[in-house]
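These notes concern the structure reproduced below.
The values are calculated or read from the model by the stated rules, or taken from the named source; none is laboratory data. On a predicted model such as this, the values are computed, not experimentally measured, just so you know. Every residue, glycine as well, gets a Cβ built from its backbone with ideal geometry; the counts of neighbours run over all protein chains shown. Calculation scope for accessible area: heavy atoms of the full protein, side chains included, ligands and nucleic acids excluded. Shrake-Rupley method; radii C 1.70, N 1.55, O 1.52, S 1.80 Å.
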Amino acid sequence: MTPFSDSNAVAVLPSYAAKYHLQTIEDLKKVGTNASSVIYGDAPEKPDHLDGLVGLKQAYGLTNIQFKGLGFGLLLRH
């Protein structure tokens, strides 16, 4: 066992959560095609991965979501 973990998180601004009544990740289905204002930031290779942009589109119907590849240093900040 190593001290590392492979975990993902999704965060939105409180104002966005209030607008779409988001409390859980499942609630992203409420956003649907209105996702044009959403920018999903992740590792540069993630737009083609099921655990990245492709998965968000498929699971929650976020068809208009935009992707921004982030540098490795930005991904490690807490």
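What to note about this one:
- Annotation note: chymotrypsin sites (Phe, Trp or Tyr not before Pro) in the range 1-65 located in DSSP loop regions with a Cβ neighbour count of at most 11 within 10 Å are F4.
- For the range 1-60: accessible area per residue (Å², 1.4 Å): 75
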